[in-house]
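For reference, the structure is listed below as structure tokens.
The values are calculated or read from the model by the stated rules, or taken from the named source; none is laboratory data. Computed from a prediction, not measured in an experiment: that's the story for all the values here. A quick note on method: Cβ atoms are made from the backbone with ideal geometry, for glycine too, and the neighbour counts reach across all protein chains shown. In case anyone asks, the SASA skips ligands and DNA or RNA and just uses the protein heavy atoms, side chains included. Shrake-Rupley method; radii C 1.70, N 1.55, O 1.52, S 1.80 Å.
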Amino acid sequence: MKLNYKTLVPALLSALALSCNANDDIVQTPNGIDGISINNFPIIDGSDSTEPLRTILMCKLLGYDYVWERMMFAQYGGDAKRVMPQYTCSDEERHHITDNCLLRNNTHPSFLQLIDGKVEVIFTARSISRDEAVYAEEKGVELIEKPIAKDALAFLVNPVNPVENLSIEQIQGIYTGDITNWSEVGGIDTLITPYVRNRNSGSQEKFETMVMAGLTIKEFPELQVGNIMMAPYYQLRDDKSGIAYSPFYYYNVIVDNGFTKAIGVNGVPMTKENVRNNTYPYVTDVYAAVRSDIDKSSMAYKLFEYITSEEGQAIVEESGYIPLAAFANIKKVEKEEQSEAYYDLQGRKTATPARGIYIKDGKKIAVK
């Protein structure tokens, strides 16, 4: 085949121009958000567990490769995986992205930062907490939130603990103080050490609202290694009688080092497939949020919209999360003497199916 150099050379030059440099930082990606660049990249914050997604999203939009690497935490003798971008831009531009755009304040501070207008978009393991909602109301600020992925709240024990499953009632009993010995739930004769997370952490808010649902939690020690996501893993590594909880994504994707064991609930093993098919009891949403007064033409709002587009959801899946489409495909429910019905995620009947709606008939059903 004869090459046409008149068309080939300009094409190669155009491709080379896509890499960022000190003179032109605009990256034209084949897919993504038109016009997004290093200079106008939104200020993003969020939960520790969503950091890989935020980083991979940045890499995809600005055209960088990335690798997963294990990072050692010498003071705790453990490790966890992080996404490491392979930057091809100048040091100044790299520092701008890492210092000014990709913030790492974890769940509660990121909500406060968003309410205060110091960040533009947050990706979090939970919705706004009760305390944060009060703070937003005091500031006269409203947020727009939407689910972007599926995760679960996992219950963790030391790997030598023979218990593989607890019922919802047993978990509640442990944390109200009614169940105090592992022998009461099929384990060995030793006292249970329940751990809780710090107030307003993503895990603690989910635990209180989803699992305990108004029950009084006995005073238990917060995890002793600090208010970090690795806390349950460091604590349970050395405590064979302990139990704690964590986002499943953090356990399965980020940590994945054998220090802890995720147990089943109500006879359903804690696996990614059981999150995907919605049979695990504590399936949760991962959220994106912006302020309601955001400029709808801004790159921040375009990114907020992009994450639930088909391309954005592909990035969600690449990060290791379960995208919405894989979880909530529309299914029709057919019963004798009953017409088909559609319901939204709050269980309210709707006339027609829509994006993100699952089917329900009397009881919530597993969807694939």
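Select from the range 115-140 the residues that are within 14 Å of SER292 (Cβ to Cβ) and free of Cβ contacts under 8 Å to residues at least 12 places away in the same chain and list them in ascending order.
Those that are within 14 Å of SER292 (Cβ to Cβ) and free of Cβ contacts under 8 Å to residues at least 12 places away in the same chain: ALA133, GLU137, GLY140.
Condition first: in contact with a strand residue (DSSP E or B) (Cβ under 7 Å, 6 or more places away or on another chain) and open to solvent by less than 50 Å² (accessible area, probe 1.4 Å). Now tell me which residues in the range 269-280 satisfy that.
MET270, ASN274, VAL275, TYR280, listed by residue number.
Based on what the data block shows, is THR209 of a type in the set (Val, Ile, Thr), surrounded by fewer than 19 Cβ atoms within 10 Å (Cβ to Cβ), at pLDDT 95 or above and under 30 Å from VAL121 (Cα atoms)? It would help to see each step written out before you state the result.
Numbers: of a type in the set (Val, Ile, Thr): yes; surrounded by fewer than 19 Cβ atoms within 10 Å (Cβ to Cβ): yes; at pLDDT 95 or above: no; under 30 Å from VAL121 (Cα atoms): yes.
Judged against the criteria, THR209 is not a match.
Tell me, which helices (runs of 4 or more DSSP H) lie completely within the range 87-186 with 3 or more residues that are open to solvent by 50 Å² or more (accessible area, probe 1.4 Å)?
91-96, 130-139
Going residue by residue through the range 263-271, is there one that turns out to be part of a strand (DSSP E or B), in contact with a Leu (Cβ under 7 Å, 6 or more places away or on another chain) and closer than 30 Å to ILE179 by Cα?
Looking through the range 263-271, at least one residue is part of a strand (DSSP E or B), in contact with a Leu (Cβ under 7 Å, 6 or more places away or on another chain) and closer than 30 Å to ILE179 by Cα.
Applying the selection to the range 281-292, what residues are surrounded by 18 or more Cβ atoms within 10 Å (Cβ to Cβ) and assigned to a loop (DSSP other than H, G, I, E, B)?
Step one: list which residues in the range 281-292 are surrounded by 18 or more Cβ atoms within 10 Å (Cβ to Cβ), which gives 281-291.
PRO281, TYR282 - these are the residues of the range 281-292 that are surrounded by 18 or more Cβ atoms within 10 Å (Cβ to Cβ) and assigned to a loop (DSSP other than H, G, I, E, B).
On the basis of being among the polar types (S, T, N, Q) and either crowded, with 19+ Cβ neighbours inside 10 Å or at pLDDT 95 or above (or both), does GLN224 make the cut?
Working: among the polar types (S, T, N, Q): yes; either crowded, with 19+ Cβ neighbours inside 10 Å or at pLDDT 95 or above (or both): no.
Considered against the rule, which asks whether it is among the polar types (S, T, N, Q) and either crowded, with 19+ Cβ neighbours inside 10 Å or at pLDDT 95 or above (or both), GLN224 comes out as no.
Of all residues being at pLDDT 95 or above and part of a loop (DSSP other than H, G, I, E, B) in the range 187-197, which is nearest to THR209 (Cα to Cα)? Just the residue, please. Spell out the reasoning first.
Taking the range 187-197 and keeping what is at pLDDT 95 or above, we get 187-192.
In the following step, the residues that additionally are part of a loop (DSSP other than H, G, I, E, B) were identified as 187-190, 192.
On the way: GLY187: 27, ILE188: 30, ASP189: 30, THR190: 29, ILE192: 22 Å.
Among residues in the range 187-197 that are at pLDDT 95 or above and part of a loop (DSSP other than H, G, I, E, B), the one nearest to THR209 (Cα to Cα) is ILE192.
When the range 299-314 is examined, which residues are found to be within 16 Å of ILE56 (Cβ to Cβ) and open to solvent by less than 10 Å² (accessible area, probe 1.4 Å)?
Matches in the range 299-314: LEU303, ILE307, GLY312.
With the requirement that a residue be closer than 17 Å to PHE220 by Cβ and more than 23 Å from the chain's Cα centre (by Cα), what does the range 131-170 give you? Outline the logic, then answer.
Taking the range 131-170 as the starting set, the residues that turn out to be closer than 17 Å to PHE220 by Cβ are 153, 155-158, 166, 170.
Scanning the range 131-170 gives ASN158, LEU166, GLN170.
Name, by its number, the condition in (1) more than 29 Å from GLU51 (Cα to Cα); (2) hydrophobic (A, V, I, L, M, F, W, C); (3) at pLDDT below 95; (4) crowded, with 19+ Cβ neighbours inside 10 Å that does not hold for LEU215.
The failed condition is (4).
Quick test for you: out of TYR251, TYR245, TYR233, pick the one residue that is in a helix (DSSP H, G or I), aromatic (Phe, Trp, Tyr) and under 10 Å from VAL157 (Cα atoms). Steps first, please.
On the way: TYR251 fails: under 10 Å from VAL157 (Cα atoms); TYR245 fails: in a helix (DSSP H, G or I).
Exactly one of TYR251, TYR245, TYR233 is in a helix (DSSP H, G or I), aromatic (Phe, Trp, Tyr) and under 10 Å from VAL157 (Cα atoms), namely TYR233.
Would you please name the residue that is most open to solvent (accessible area, probe 1.4 Å), looking only at residues in the range 37-53 that are assigned to a loop (DSSP other than H, G, I, E, B) and over 28 Å from ILE128 (Cα atoms)? Walk me through it before giving the result.
Filtering the range 37-53 down to residues assigned to a loop (DSSP other than H, G, I, E, B) leaves 38-43, 47.
So of that shortlist, the ones also over 28 Å from ILE128 (Cα atoms) come out as 38-39.
Numbers: ILE38: 2, ASN39: 121 Å².
Top of the filtered list is ASN39.
Among the residues of the range 187-206, write down those that are open to solvent by 30 Å² or more (accessible area, probe 1.4 Å) and either free of Cβ contacts under 8 Å to residues at least 24 places away in the same chain or in contact with a helix residue (DSSP H, G or I) (Cβ under 6 Å, 6 or more places away or on another chain) (or both).
ILE188, ASP189, THR190
Answer yes if at least one residue in the range 254-264 is within 16 Å of the chain's Cα centre (by Cα), modelled with pLDDT under 95 and either more than 26 Å from MET72 (Cβ to Cβ) or among the aliphatic types (A, V, I, L, M) (or both), and no otherwise.
For the range 254-264, residues within 16 Å of the chain's Cα centre (by Cα), modelled with pLDDT under 95 and either more than 26 Å from MET72 (Cβ to Cβ) or among the aliphatic types (A, V, I, L, M) (or both): present.
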